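The values are calculated or read from the model by the stated rules, or taken from the named source; none is laboratory data. Everything numeric here is computed off the predicted structure, so don't read it as measured data. A quick note on method: Cβ atoms are made from the backbone with ideal geometry, for glycine too, and the neighbour counts reach across all protein chains shown.
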Amino acid sequence: MATNNQDETPSKPSAAGERILVVDDDAIIASSLSEFLKLEGYDAVSASCIADAIAELERKPAAVVITDINMPKGDGFELLRTMRQRFPEVVPIVVTGYGTIESAVEAIKMGAYDYLTKPIVDDEIRLVVQRAVGQQALLRENRTLKQQLGMRFSLESIIGNDYRMQRVFELVETVADTRTTVLISGESGTGKSLVARTIHQISNRRAKPFISVSCGAIPETLLESELFGHVKGSFTGANADKPGKFKAADGGTLFLDEINSASSAFQVKLLRVLQEKQFEAVGSNKTETVDVRVILAANVDLKKEVEAGRFRQDLYYRINVVNIPMPSLAERLSDIPRLSDHFLKKCRAEVGKEVLGFTPEALAVMQRYHWPGNVRELENAIERAVVLTKGRFISPDDLPSSLLESPPAGAAGRREDVWSPMPLKLAIEEPEKRIILAALKANQWNRQVTAQQLEINRTTLYKKMKRYGLEFETAGATG
Ligand SMILES: Nc1ncnc2c1ncn2[C@@H]1O[C@H](COP(=O)(O)OP(=O)(O)OP(=O)(O)O)[C@@H](O)[C@H]1O
Ligand SMILES: [Mg+2]
């Protein structure tokens, strides 16, 4: 290694002690380079071929890898490929022979952070390594930030301002870091699966698997083997040992969707695993223990199922420790502007169309509909509208015709006859909101006139509009 100008040594790297792996088939180059790096304060190690380098990285991750390109047993490009797949946070630097700039360019394209040309000059390597270590610190920091953001994002990906949704958020946050079994109940499309996944993502189990099993989609005869696994020969077709989902979810979360469709024999087994965290694979007498957090979802009222004798009472009590009831969309029509906006942003990026929002008429139509398919139906309607619309704002014409059909007489398509206990003050909100919306619409959103007609003062009207998400300042904006 050539040596120049020792006096101009840049200040010692602050990241001293960082691990650096030198890969070169030439033992003399490898050791002199790592000796130099050790003197610089790094924890330098060397490897003489790709396989050794990978083994070394597996043993202990490095901040930076400096690799030769031309080596007899697998070249540097191969190492770059493996690093990109398996060690994306290690920063690679390549060393090329004099006059082979093409391979340096190729290496950069493949993800190398920088390159050094032989003969390697001390100052050059000092600088390049220092920069690479800095880059690695940045990668590390980014990852932590992303993780933190990921946590925030995951809660923010559930949209809802309605008081029932506020309750959902509180419960999700409260139970996330516990091992409590959680039962999420609600109609199809209300966000049960989304909530289950979110609980896992914000929990301390997030780095471990989230495994989802739809109990309704798997034939009853296979469900047990699917969850607990089976041993070879335990039934026709069991040609090899197969671990089940409980095992796969060890350390993480198992989401049992549509639990109401599980057979009673299966319910017995489930009760045991929930109580004792123990089970046996089908055909095996070896008891296995797992650490799994179980979340269940039901799209029918399980209590009624128990009363009808279709669901075991003991299991019901066991899983109903924390119940998160998901409100139907019809119960929280005031969330429609926010939800619509969320789905609009999500799909206009995918579709690549510059759709800015909804006309007040379109929003009014959406807020009058009864949404039997809940949030999923809303999401689909908006996706369709974004594809179809010719304007910058989605209008009623862009919405599925089912939304425009006049709602059933009297009930306005809503479920006022279905009673769930709540304070009168809250029960009055929906009809009040509907009346205000109708009045605003009839008056082209003129608040002065609307307030006069309703015989309330304008401030009261403003407050109520804000509360119900009826804020359409400018025509077409979604508020
Ligand atoms: N509050 C919400 N905010 C944002 N998106 C939501 C919300 N609720 C549901 N969604 C979206 O609506 C769709 C349906 O939700 P999800 O699949 O979670 O419903 P589900 O209750 O599990 O339905 P099913 O009973 O049919 O399994 C998903 O794309 C989901 O991301
Ligand atoms: Mg679901």
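Pairs only if they're at least six apart or on different chains, beta carbon under 7 angstrom, first in the stretch 183-201 and closer than 18 Å to Asn260 by Cα, second among the small types (Gly, Ala, Ser) and near ligand 1 (Cβ under 6 Å from one of its atoms); list them, first residue then second.
Here the result reads Lys192/Gly186, each pair linking the stretch 183-201 to a residue that is among the small types (Gly, Ala, Ser) and near ligand 1 (Cβ under 6 Å from one of its atoms).
Of everything in the stretch 259-298, what is within 19 Å of Val321 (Cβ to Cβ) and within 16 Å of ligand 2 (Cβ to nearest atom)? Give them in sequence order.
Ile259, Asn260, Ala262, Val294, Ile295, Leu296, Ala297, Ala298
What residue, among those in the stretch 209-224 that are at pLDDT 90 or above and away from ligand 1 (no atom under 15 Å from the Cβ), is farthest from Val268 (Cα to Cα)?
Restricting to residues being at pLDDT 90 or above and away from ligand 1 (no atom under 15 Å from the Cβ), the top hit is Pro209.
Does Arg384 fit the bill of being of a type outside the set (Ser, Thr, Tyr), surrounded by fewer than 16 Cβ atoms within 10 Å (Cβ to Cβ) and closer than 25 Å to Glu156 by Cα?
On the way: of a type outside the set (Ser, Thr, Tyr): yes; surrounded by fewer than 16 Cβ atoms within 10 Å (Cβ to Cβ): yes; closer than 25 Å to Glu156 by Cα: yes.
For Arg384, the condition - of a type outside the set (Ser, Thr, Tyr), surrounded by fewer than 16 Cβ atoms within 10 Å (Cβ to Cβ) and closer than 25 Å to Glu156 by Cα - is met.
I'd like to know if the stretch 248-258 contains one or more residues that are assigned to a loop (DSSP other than H, G, I, E, B), within 16 Å of ligand 2 (Cβ to nearest atom) and modelled with pLDDT of 90 or more.
So the first thing to find is which residues in the stretch 248-258 are assigned to a loop (DSSP other than H, G, I, E, B), and the list is 249-252, 258.
Then drop every residue that is not within 16 Å of ligand 2 (Cβ to nearest atom), which leaves 258.
If we keep only those that are modelled with pLDDT of 90 or more too, we end up with 258.
Yes, the stretch 248-258 has at least one match.
Scan the stretch 442-468 for residues that are among the basic types (Lys, Arg), at pLDDT 85 or above and under 22 Å from Arg338 (Cβ atoms) and report the count.
Just the residues of the stretch 442-468 that are among the basic types (Lys, Arg), to begin with: 447, 458, 463-464, 466-467.
Among the residues that remain, those that are also at pLDDT 85 or above are: 447, 458, 463-464.
With under 22 Å from Arg338 (Cβ atoms) added as a condition, the list becomes 447, 463-464.
Within the stretch 442-468, residues that are among the basic types (Lys, Arg), at pLDDT 85 or above and under 22 Å from Arg338 (Cβ atoms) number 3.
So, in the stretch 363-394, how many residues would count as being more than 16 Å from Lys345 (Cβ to Cβ) and of a type in the set (Gly, Ala, Ser)?
Total satisfying the criteria: 3.
Identify the single condition in (1) among the acidic types (Asp, Glu); (2) out of contact with any helix residue (DSSP H, G or I) (no Cβ under 8 Å at 6 or more places or on another chain); (3) crowded, with 17+ Cβ neighbours inside 10 Å that Glu331 does not satisfy, given that it satisfies every other one.
(2)
For residues in the stretch 177-199 being near ligand 1 (Cβ under 10 Å from one of its atoms) and among the hydrophobic types (A, V, I, L, M, F, W, C), which is surrounded by the fewest Cβ atoms within 10 Å (Cβ to Cβ)?
Residue satisfying both the conditions and the ranking: Leu194.
Here's a check for you: in the stretch 204-247, which residue that is among the β-branched types (Val, Ile, Thr) and either in contact (Cβ under 8 Å) with a residue 24 or more places away in the chain or outside the structural domain of Glu280 (by TED's automatic domain parsing) (or both) is nearest to ligand 2 (Cβ to nearest atom)? Lay out the reasoning, then the answer.
Of the stretch 204-247, the ones among the β-branched types (Val, Ile, Thr) are 211, 213, 218, 221, 231, 236.
Add one more test, that the residue is either in contact (Cβ under 8 Å) with a residue 24 or more places away in the chain or outside the structural domain of Glu280 (by TED's automatic domain parsing) (or both), and what stays is 211, 213, 231.
Working: Ile211: 14, Val213: 11, Val231: 31 Å.
Of everything passing the filter in the stretch 204-247, Val213 is nearest to ligand 2 (Cβ to nearest atom).
Yes or no, residue by residue, for (1) in contact with a helix residue (DSSP H, G or I) (Cβ under 8 Å, 6 or more places away or on another chain); (2) modelled with pLDDT under 90:
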| residue | (1), (2) |
| --- | --- |
| Arg152 | no, yes |
| Ser157 | yes, yes |
| Tyr163 | yes, yes |
| Val168 | yes, no |
| Thr181 | yes, no |
| Gly189 | yes, no |
| Ser193 | no, no |
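Does the stretch 80-93 include one or more residues that are surrounded by fewer than 19 Cβ atoms within 10 Å (Cβ to Cβ), in contact with a helix residue (DSSP H, G or I) (Cβ under 7 Å, 6 or more places away or on another chain), free of Cβ contacts under 8 Å to residues at least 40 places away in the same chain and part of a helix (DSSP H, G or I)?
Yes, the stretch 80-93 has at least one match.
Given the residues Ile93, Ile101, Ile66, which is the only one that is assigned by TED's automatic domain parsing to the domain that holds Gly17 and over 24 Å from Leu138 (Cβ atoms)? Steps first, please.
Values: Ile93 fails: over 24 Å from Leu138 (Cβ atoms); Ile66 fails: over 24 Å from Leu138 (Cβ atoms).
Going through Ile93, Ile101, Ile66 in turn, just one is assigned by TED's automatic domain parsing to the domain that holds Gly17 and over 24 Å from Leu138 (Cβ atoms): Ile101.
Read through the list (1) modelled with pLDDT of 80 or more; (2) in a helix (DSSP H, G or I), then give the number of the only condition that Pro119 fails.
(2)
Please find, within the stretch 277-289, the residue that is nearest to ligand 1 (Cβ to nearest atom) out of those that are under 30 Å from the mean Cα position of the chain (by Cα) and surrounded by fewer than 18 Cβ atoms within 10 Å (Cβ to Cβ).
Checking each candidate, the answer is Lys277.
Mind counting the residues in the stretch 351-372 that are within 30 Å of Asn299 (Cα to Cα) and surrounded by fewer than 16 Cβ atoms within 10 Å (Cβ to Cβ)? Talk me through it step by step, then tell me what you get.
The first filter runs over the stretch 351-372 and keeps only residues within 30 Å of Asn299 (Cα to Cα), leaving 362-372.
Then drop every residue that is not surrounded by fewer than 16 Cβ atoms within 10 Å (Cβ to Cβ), which leaves 372.
The total comes to 1.
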